[in-house]
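Below is one structure; the comments refer to it alone.
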Amino acid sequence: MQGLVTVFGGSGFVGGQVVRALAKAGHRVRVAVRQPNLAYKMRMLGDVGQIEVVQANVRNPASVARALDGAEGCVNLVGVLFESGRQKFLSVHTMGARNVAEAAAKAGVKHLVHVSAIGADVDSPAKYARSKGEGEAAVREAFPSATIVRPSIVFGPEDDFFNRFAAMAVLSPALPLIGGGKTKRSSS
C-alpha cells in the first residue's frame, strides 16, 4: 500500500470522489473533518483499515498538525459557499488554507494540492473570490511547490448544484428564469 494522504474536507461531495480515487490507487487515506461522526461512510470507500476519519478544523492549527502526522501527501478541499457562524470566508478560505499549508510544510509533506475556485482574485470586490485568492497566496507563500486547482461548478450524483434545481422542479410546476433567462452564473 502506498503512503498516507490526508484529505481536509474529505467528507463533502468532491471529497468523497477524491478519497475514493486515492484509495483505489492504493493510498492510505486520513479524512480530516470537523464532525467525524457525520463522516463514518468514508471508511467504506476503501479496504478495511485503509481509510481513517479524524477530527480536524482548518481554523485550529493544532488539529491540522495532528491530522498531518505521518502524511506524505495532503489535499485541502475545505471551503464554504456562504458564511455562517464561525465559518467565515476569511477564516476558512484564507486563514484555514494558510494553516494547512504551513503545517504541511512543517510536517515534511511532499505534495500539497489546494482546491480553490475559478475567479479567485485578491483584488476581487466579492468577499468569496477575494478570500479564495488570499488563500492561494498564503498557500504559495508557505508551500511554494503546492498544486493549486481552480474548478468551476462541480456536478454529478449527489451534488448540491443541479440536485437543488431538481428538488425545486419537483415542488413547483415551473422554475423562474432569473433575469428573463439571460442571467449567467458567475463565481464572483
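Every read-out reported here was derived from the displayed coordinates using simple, explicitly stated rules and does not represent laboratory data. Computed from a prediction, not measured in an experiment: that's the story for all the values here. Here the Cβ is made from the backbone with ideal geometry for all residues, glycine too, and neighbour counts use every protein chain on show.
Of note:
- Close Lys-Lys pairs in the stretch 2-181, where close means Cα under 22 Å and separation is 8 or more or interchain: 4
- The stretch 25-84: projected area of the alpha-carbon convex hull, averaged over directions, in nm²: 4.9 nm²
- Compared with the direct C-alpha span, the chain from GLN87 to PHE13 gains 24.8 nm at full extension, assuming 0.36 nm per residue.
- Relative contact order (%) - the chain, alpha-carbon pairs under 8 angstrom, separation at least six: 17 percent
- For HIS27, the residues 5 or more places off, or on other chains, whose built amide H falls under 5 Å of its own are GLN2.
- When SER124, SER11 are sorted by how many other C-beta atoms sit within 10 angstrom of their C-beta, beginning with the fewest, the order is SER124, SER11.
- Dipole magnitude of the chain, debye to nearest 20 (Cβ charges: Lys/Arg +1, Asp/Glu -1, about Cα centre): 180 debye
- Residues LYS41, LYS106, ranked from the fewest to the most other C-beta atoms within 10 Å, line up as LYS41, LYS106.
- The mean of 1/r over all pairs of different alpha-carbon atoms in the chain, once inverted, gives a Kirkwood hydrodynamic radius of 17.4 Å.
- Once both labels are positioned 7 Å from their Cα atoms along Cα-to-Cβ, the gap between GLU141 and MET168 label points is 3.9 nm.
- Over the chain: helical MRE at 222 nm, DSSP H runs n ≥ 4 each giving -39500 (n - 2.57), nearest 500: -9500 deg cm²/dmol
- Ranked for footprinting exposure by Cβ neighbours inside 10 Å, fewest first, THR147, THR94, THR6 give THR147, THR94, THR6.
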